[in-house]
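For reference, the structure discussed in these notes is given below.
The values are calculated or read from the model by the stated rules, or taken from the named source; none is laboratory data. Predicted, not measured: the structure shown is a model, and the values here were computed from it. FYI the Cβ positions are ideal-geometry reconstructions off the backbone, even for glycines, and counts take in every protein chain you see. Ligands, DNA and RNA are excluded from the accessible area calculation, which covers all protein heavy atoms including side chains. Shrake-Rupley method; radii C 1.70, N 1.55, O 1.52, S 1.80 Å.
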Amino acid sequence: MTAVRAERVSKWYGHVLGVSDVTWTLPGGVVGLLGPNGAGKSTLMKLMAGLLRPSRGTIEVLGGQPFTDARVRRRIGYSPEHESTYDELTARELVTVLAHLAGVPRADAGAAAVRALDAMGMTEAMDRRVRGFSKGMRQRTKLAATLAHDPELLILDEPLTGVDPMARIDIIERIKKLADGGKTVVVSSHVLYEIEALTEDIVVIYRGQVLAEGNIYEIRKLIDQHPHRIRVECDRPREIAAAVAGADHVARLVMERRAVVVETRDPDRCYDDLAAAIVERGIELRAMTSPDNNLGAVFEYLTGGSAGGSDE
């Protein structure tokens, strides 16, 4: 079953546009919803979670309508970017209540809460009051509440905001483990390396519209108006430059100190030519990297380098 299917979905808040004419299909797995603040990420996630009704178009989640069908909503776990909790409760008490509200029978909700808190690394702190938690502990508790009722689809809106680096690494690994266990995960961020650490499958949303979707490396190949850059650091960069200068796929060569940057229209051929030149000439290769072969470059090319603003 397709996890999410959106057909020409638009959402307005009065005269303010949230998302515009979005058509998107998510079969499963982990997908990163990427865009600057205010791009429409939170609006699209709330539409998927059944918290908003589209102004136009249709959105289907797990084969049903999340806004009107409570059975569909019980199969969804939604973690909002901003939360307001009952801070006088312990983490165990809070997650137990939320698990029961999400459909877990009262008799089973406590055990479900313990399992979810354990899965998010909160076992030792589960009987402490939420008011004393750090931002990272609050995020873990919120994620535990999201998965306590064992949903099939997890919708995580900026789950790593304000989390310290060590906690961020741990939470990323726990989210990936959930996906490995069969969950479909939609996770949003405006921080590129967070998404890149989670998945290679992305949806880039900008000014309420989907600009691109799919594997970041395949998307990069389609952006042919920007030649692909390959930086070769070696002991004889001028020889490398001379070896590939005549190739029809080479658009430009830039000499740097102890390196050459090759701009190419065909990365696969260029890597082959560079490897052959290095081996044939016995050149000492120190590093071969691509400043374009990452999510940051893809995002910059798609949006013209724009970012910032306030979240919707």
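Couple of notes before you dig in:
- Across region 55-71, the qualifying residues are those that are of a type in the set (Val, Ile, Thr) and surrounded by 16 or more Cβ atoms within 10 Å (Cβ to Cβ), and the one among them that is nearest to residue 185 (Cα to Cα) is 61.
- Single unsatisfied condition, residue 159 versus (1) open to solvent by 30 Å² or more (accessible area, probe 1.4 Å); (2) outside any helix (DSSP H, G or I); (3) within 30 Å of residue 20 (Cα to Cα): (1)
- Subset of region 267-294 [open to solvent by less than 50 Å² (accessible area, probe 1.4 Å) and either out of contact with any Lys or Arg (no Cβ under 9 Å at 6 or more places or on another chain) or among the acidic types (Asp, Glu) (or both)]: 270, 274, 275, 276, 277, 278, 292
- Region 64-85, residues that are under 14 Å from residue 141 (Cβ atoms) and of a type outside the set (S, T, N, Q): 77, 80, 83
- Scanning region 1-47 for residues that are of a type in the set (Val, Ile, Thr) and either open to solvent by 20 Å² or more (accessible area, probe 1.4 Å) or at pLDDT below 85 (or both) gives 2, 16, 23, 25, 30.
- Checking each residue in region 244-266 for being open to solvent by 40 Å² or more (accessible area, probe 1.4 Å), under 28 Å from residue 222 (Cβ atoms) and among the aliphatic types (A, V, I, L, M) picks out 245, 251, 253, 254.
- Considering only residues in region 71-82 that are over 20 Å from the mean Cα position of the chain (by Cα) and without any contact (Cβ under 8 Å) to a residue 60 or more places away in the chain, the one that is nearest to residue 147 (Cα to Cα) turns out to be 73.
- Test set (1) assigned to a strand (DSSP E or B); (2) touching a Gly at 6+ places or on another chain (Cβ under 6 Å) - residue 57 fails condition number: (2)
- Those residues of region 180-197 which are open to solvent by 20 Å² or more (accessible area, probe 1.4 Å) and under 13 Å from residue 143 (Cβ atoms), in sequence order: 183
- For the condition out of contact with any Ser or Thr (no Cβ under 7 Å at 6 or more places or on another chain), hydroxyl-bearing (Ser, Thr, Tyr) and free of Cβ contacts under 8 Å to residues at least 24 places away in the same chain, residue 68 qualifies.
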